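Worksheet: the structure to be examined is printed underneath.
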Amino acid sequence: MRLLFWCLSFCLTLVSGWMALSVAAVEPAEYNIVYIHVPAATCSLVCFTILFICSIQHLRTKNQMWDHIAAACGEVGLVFATVLNATGSIFAYAAWGVWWTPSLRLVSSAMLWFLYVAYLILRASLPDQQRKGQICAVFGIIAFVDVPLVYISARYIPDIHWPKIGFDSIWQSVAFGLAIGGALLLAATLIWLRADILKSLNQISKPALSKAEGTKYQN
Amino acid sequence: MSSIADTIRAIFVKDLVTEFRAKQLLPTIVCLGVIIAWIFRIAAQAASVDVSVAAGAVLFIAMLFAGILASDKGFAVEQENDCISSLLLAPVDAGDIYIAKLLVNIVVLCIFEIVTVPAVLILFKVTVTGRWLRLIAVLLLGNIGISSVGTLLGGIVHRTRAASSLLSVLVMAVLMPIMIPAIVALLLLFGPVVPQAVGAGTFGIAGDFKTAIGYIAAFDAIFVTVCWLLFGLVVGD
């Protein structure tokens, strides 16, 4: 099943890439980055939203599964946020001649990146497995306060980075849709894979932990 | 209702009395704030720009560092002799402990600003005649924002291996939505910056003073509420 997702996501991305380079190319040429930049943005926001929902679920149910999904979403979302910032930076250099400028939208997406780096640092530095999920869930909820700001600033506030681009052919809309679909599938597969790995890791470390605790009590 | 007020007052007074007797935190943060302002002043002089432009950012950075140190100290003292366990064993709501700690941090930051703000004003040759009330409003809202997140995250980091060193990263990352409008508001108060210049491109979201204040107040309300609700999950076992 996971393999099918992989293949489907690969095919969708390939097809959209081919279309972007041929029938669906936009003018001027540097605007073609929209086929990578916008799907990456969508995926990172979706990942962080899932992280937020899983954090609430983990606090409500105390089920470890939600914590594993939240951790996976944090890691995958950060990868997409990195792609978002990198492609954005390349576009800024091509279109405006600077790598970065302190416009609100650029600030807010960089802010998002730092926020989830902080989330992963926090996750890595909590020793207690039991409390880890709970504390990370709390941070995941506070961190999400900033996500709507990024979304609102990207859509509704006039800025240097304003979606000026409108698709004028059906091919472009199709290629754009395929690119977003492919990226979302890729994100889903990665989250699934990573959550499974975290679950297995947790299962492996559990007997070792109880053994250590046992010797502690014996002493 | 009165029992909640009593709880908050008891913890609030305990923490303030501890601080005034030990005198550990306040001298440190006041010195830190003045040194930060002084170093930036020298740098601004070297760059030979209009120095008052930097004043707003410098003041907020000093506040931020002071707030982080204060939040860290608030829980560091509770770790000694495992005082936090005794505090949690008391039949009080964790939210009340949060409010008390929050108020202590706000008061500490206010005392810090009584010294640091005049220092910044003098060093950067800024005059705020007739705009004192606006300045106090920005500072107070900034204090609430920094303390709200700082108090909760201070409780979190004392459970980690990295402890205090982690706090600054977490607080600064979360506080960005408050930092941007607060610095814009201070720029408009202090500097030769006209609202049109600020509003045009860089920070369109918080162009004029009232909008900036509105943003800080809105995020303060969100952060205080969320942190108050979540505090019990962080400290409780």
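The values are calculated or read from the model by the stated rules, or taken from the named source; none is laboratory data. Values in this document were obtained by computation on a predicted structure and should not be read as measured data. Cβ placement follows ideal geometry from the backbone for every residue including glycine, while neighbour counts extend to all protein chains displayed.
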Looking only at residues that are outside any helix (DSSP H, G or I) and within 9 Å of chain A (Cβ to nearest Cβ) in the stretch B:198-235, which one is modelled with the highest pLDDT?
B:Phe203
For the stretch A:134-147, state whether one or more residues are away from chain B (no Cβ under 11 Å), surrounded by fewer than 24 Cβ atoms within 10 Å (Cβ to Cβ) and out of contact with any Asp or Glu (no Cβ under 7 Å at 6 or more places or on another chain).
no
Among the small types (Gly, Ala, Ser), in contact with a helix residue (DSSP H, G or I) (Cβ under 7 Å, 6 or more places away or on another chain) and either at the interface with chain B (Cβ under 10 Å from one of its Cβ atoms) or not in a helix (DSSP H, G or I) (or both): which single residue out of A:Ala110, A:Ala81, A:Ala95 fits that description?
A:Ala110
With (1) more than 16 Å from B:Ala173 (Cα to Cα); (2) more than 10 Å from chain B (Cβ to nearest Cβ) as the list, and A:Ala124 as the residue in question, which single condition is left unmet?
(2)
Considering only residues that are more than 9 Å from every other protein chain (Cβ to nearest Cβ) and crowded, with 16+ Cβ neighbours inside 10 Å, look in the stretch A:98-107 and name the one that is modelled with the highest pLDDT.
A:Leu106
Residue pairs within 7 Å by beta carbon, gap of at least six or interchain, first lying in the stretch B:38-53 and of a type in the set (A, V, I, L, M, F, W, C) and surrounded by 11 or more Cβ atoms within 10 Å (Cβ to Cβ), second at pLDDT below 85 and assigned to a helix (DSSP H, G or I), listed first then second, are B:Phe40/B:Ala54; B:Ala44/B:Ala54; B:Val51/B:Ala44; B:Val51/B:Gln45
Quick test of your reading of the structure: A:Thr61 fulfils all but one of (1) farther than 30 Å from A:Leu21 by Cα; (2) buried (at least 21 other Cβ atoms within 10 Å of the Cβ). Name the failing condition by number.
(2)
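A quick yes/no check of all residues on (1) polar (S, T, N, Q); (2) modelled with pLDDT under 90; (3) not in a helix (DSSP H, G or I):
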| site | (1), (2), (3) |
| --- | --- |
| B:Phe40 | no, yes, no |
| B:Ala46 | no, yes, no |
| B:Leu59 | no, no, no |
| B:Val108 | no, no, no |
| B:Val115 | no, no, no |
| B:Ile136 | no, no, no |
| B:Thr151 | yes, no, no |
